[in-house]
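Have a look at the structure below before the remarks.
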Amino acid sequence: MNFSQIDSIEERLKLMKSLSRTFSLRAHQVDIEGSFPFANINDLKTTGYTTLTIPAKYGGQGISLYELVRLQEMIAEGDGATALSIGWHMGIIMNLHEKNLWNDSIFKFLCEKVNNGSLINSAQTEPKTGSPTRGGRPETTAFKEGQGWVINGRKTFTTMAPVLDFFIVNATINETNEIANFLIPRETKGIIIEETWDSIALRGTGSHDLILQNVIVPEAYLVERPNAKNRKANGWLLHIPACYLGISKAAQRYAIKFAMNYSPNSINGTIIDLPNVRQKIGEMELKLMQAESFLYSVAKQWDAAGEQEREKMLPALGAVKLTITNAAIEIVDLAMRIVGAKSLSIQNPLQRYYRDVRAGLHNPPMDDMTMELLAKESIFNYHNE
């Protein structure tokens, strides 16, 4: 069955649930090896999932943000690394279409490639700049030569590097000191992937370093000159909290299944009937209900909003990410408290969930930046009452 041949979100979620179960069977081995989930990404490509955010006029389905976060969440229930990896590709295509950021001919070209199986992600972070959301100026450089651009530099955290076909790289233009985004095909001469990813969290994302050595791209592949001072709201980044929500749901399910089957000889029956265990299960459920409600409502608000309304949603989008990421950490912790010392076994998925949800703290936007944004919003509202 193919995602693009299904009309309803219910049927797509059903298909994704089946894929997610398969992903969960592969997750431990990928994590232990620190390898890459090639089979999972291939499954998402062959079932047409990777084309769903392409606009209908270019051969995709143009799915809503709400549907995207639901599908991404379900992927993460099977394997968080796969979800976060493919989420960047899905979200970038959605964002380029929503904001009409590129020349239409270049975007159409990219959509054609994606319809034929290509994958894309941004490569923006550098060793000395940290997260691009902090405003650091890229040390990667670009200069004009003839009818093209020559680019040199190193990017870190290039998620999905083993299978990417296109990179969106930001660089400082030597002549003007402007920052620009360039589209770089993988087969371009001078592209090197250095396998540096050694994180203990989300080990399967393949977030290696991208090295650019005198990489030459056509003049038209300067696709955007972003204005750092005019930070825009990015609804597509909700794929990040959706990932951690999915991981925490997997942790809750594991803990409940364990409690229903674990029967120490010190009690009659299983621990599912113990008040302290039920208290923790209730706490997990409450946090999940709150997280779902917040994520889904803001995603639907984005889908219903116009361009001006969306630009006012920056605080809410940051608040969703902060709330769900921190809730996911708490939920996994509660699950581990139910399971006890067994949760620390390398064979137990809870220890992987624990490591993986911690990574959410370091995905954009950062908690401190969100809190500052919320403070500004609150003070602004107070002065305008």
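Observations, loosely collected:
- Ellipticity estimate at 222 nm from DSSP helix runs (n ≥ 4, -39,500 (n - 2.57)) divided over the chain, nearest 500: -16500 deg cm²/dmol
- Unit Cα scatterers, Debye sum, segment 1-121: log10 I(q)/I(0) for q = 0.10 Å⁻¹: -0.29
- Labels on offer are [x] 19.5, 59; [y] 21.6, 81; [z] 28.8, 116, and the one holding Rg and Dmax of the Cα atoms in Å computed from this structure is [y].
- Projecting label points 7 angstrom from Cα along Cα→Cβ for Glu194 and Leu361 puts them 2.8 nm apart.
- Computed from backbone phi, the HN-Hα couplings of segment 296-308 come to 5, 5, 5, 4, 5, 4, 4, 4, 8, 7, x, 4, 5 Hz, rounded to whole numbers (Karplus: 6.51 cos²θ - 1.76 cosθ + 1.60, θ = phi - 60°; Gly and Pro given as x).
- Linear extension gain, Glu33 paired with His383, 0.36 nm per residue minus alpha-carbon span: 120.5 nm
- Shown is the FRET efficiency for Glu11 and Arg337, computed with R0 = 30 Å from the Cβ-Cβ distance and rounded to the nearest 0.05: 0.20.
- The peptide list 366-379, 27-40, 331-344, 79-92, put in order of mean Cβ contacts within 10 Å with the highest first, becomes 79-92, 331-344, 27-40, 366-379.
- Mean Cα-pair separation over length for the chain, i.e. relative contact order, pairs under 8 Å, 6 or more apart, %: 17
- Whole-Hz couplings from phi, Karplus 6.51/-1.76/1.60, listed for segment 206-217; x for Gly and Pro: x, 7, 7, 7, 10, 10, 10, 10, 6, 6, 10, 10
Read-outs: derived from the displayed coordinates by stated rules, not from any lab. Because the structure is predicted, anything quoted here is derived from the model rather than measured. Neighbour counts are summed over all protein chains in view; Cβ atoms, including those assigned to glycine, are modelled from backbone coordinates with ideal geometry.
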